[in-house]
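For reference, the structure is listed below as structure tokens.
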């Protein structure tokens, strides 16, 4: 889609929101809470950004972008080059961070720019009359994007702000938040923010809670978790029986492309889910951040841009 930048707002130091609308004023495609979109920034780089507007309001999409000091071009370009009235190429929404409809209660934990998908969820949970609490961790009120919005209605009764929590106090703060849940361990946990913060939330939430009740949203890949031995393996295409060798240091998606099989890609880091391919046989070596633990355990799909194989051969449903 070609969307117009209708409004740009500074939400907090280094965090800017962009309101995107259809050039003809048409409603935008519907999406579910927690969804993100691919945006092509000036210069041609594609990056993923969570939607943070009300899912019921399809007159516009709202994203918020933090200017990263080590930006590879995405956030820096949006902050420096994009002006009101510009046109951006935006993909249709996709969701890898969905709310669990059967959960009796939802606990949302956000830090920094990680508030964006959780704000989107809060809109929907309010509309549903669902039981939820949004815990927002930030250095200060001034550093918390959308703090004014969240402090007012309809969010105020369900939002808890946690400012300037020191590293040695974070475990206790998270434990207190989890213990306050009316549904106890049955409450589902959702977290987005810096990697160390999410690691803490996951570790504390795992006490007395099933793995599939903990949901994460990653903004960038963790190079440590993606590391591993890049052994050679073979893929077989179920439709033709063709065999393709995947040598060390070459990605599965690149091998498929050389064979004339183009798999859509976007992030090339295993966080967006664009390049997922069904697996019929074999055991993938999952190195992505988009499949859930349950989905990875099923071994019936692979993120072709980063993941490899634990077995000598994978049979792909291609």
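How about the stretch 60-85: which of its residues are in a loop (DSSP other than H, G, I, E, B), surrounded by 15 or more Cβ atoms within 10 Å (Cβ to Cβ) and modelled with pLDDT of 90 or more?
If the condition is that a residue be in a loop (DSSP other than H, G, I, E, B), surrounded by 15 or more Cβ atoms within 10 Å (Cβ to Cβ) and modelled with pLDDT of 90 or more, then 60, 67, 82 are the ones that fit.
Look at residue 233 and say whether it is modelled with pLDDT under 80 and surrounded by 12 or more Cβ atoms within 10 Å (Cβ to Cβ). Full working, then the answer.
Numbers: modelled with pLDDT under 80: no; surrounded by 12 or more Cβ atoms within 10 Å (Cβ to Cβ): yes.
Here the answer is no, as residue 233 does not meet what is asked.
With 209, 204 as the choices, which residue is surrounded by 12 or more Cβ atoms within 10 Å (Cβ to Cβ) and modelled with pLDDT under 95? Quick ask: steps written out before the conclusion?
Details: 204 fails: modelled with pLDDT under 95.
One residue alone meets the criteria, 209.
Quick one: which strands (runs of 3 or more DSSP E) sit completely within the stretch 189-299 and have at least 2 residues that are in contact (Cβ under 8 Å) with a residue 24 or more places away in the chain, more than 25 Å from residue 315 (Cβ to Cβ) and within 15 Å of the chain's Cα centre (by Cα)? Walk me through it before giving the result.
Numbers: elements: 214-217, 233-237, 243-246, 276-281.
The strands (runs of 3 or more DSSP E) meeting that bar are 214-217.
Give me the helices (runs of 4 or more DSSP H) completely within the stretch 86-180, filtered to those with at least 2 residues that are assigned by TED's automatic domain parsing to the domain that holds residue 276, in contact with a helix residue (DSSP H, G or I) (Cβ under 7 Å, 6 or more places away or on another chain) and touching a residue at least 12 places away in the same chain (Cβ under 8 Å), ordered by residue number. Can you show your working first?
Values: elements: 115-128, 147-151, 170-179.
Those helices (runs of 4 or more DSSP H) do not exist here; none qualify.
Going by the structure shown, is residue 282 in contact with a strand residue (DSSP E or B) (Cβ under 8 Å, 6 or more places away or on another chain) and more than 25 Å from residue 48 (Cβ to Cβ)? Walk me through it before giving the result.
Values: in contact with a strand residue (DSSP E or B) (Cβ under 8 Å, 6 or more places away or on another chain): yes; more than 25 Å from residue 48 (Cβ to Cβ): yes.
So residue 282 passes the test.
The values are calculated or read from the model by the stated rules, or taken from the named source; none is laboratory data. For clarity, every value in this text was computed on a predicted model and none was experimentally measured. Cβ coordinates were reconstructed from backbone atoms using ideal geometry, including for glycine residues, and neighbour counts include every protein chain displayed.
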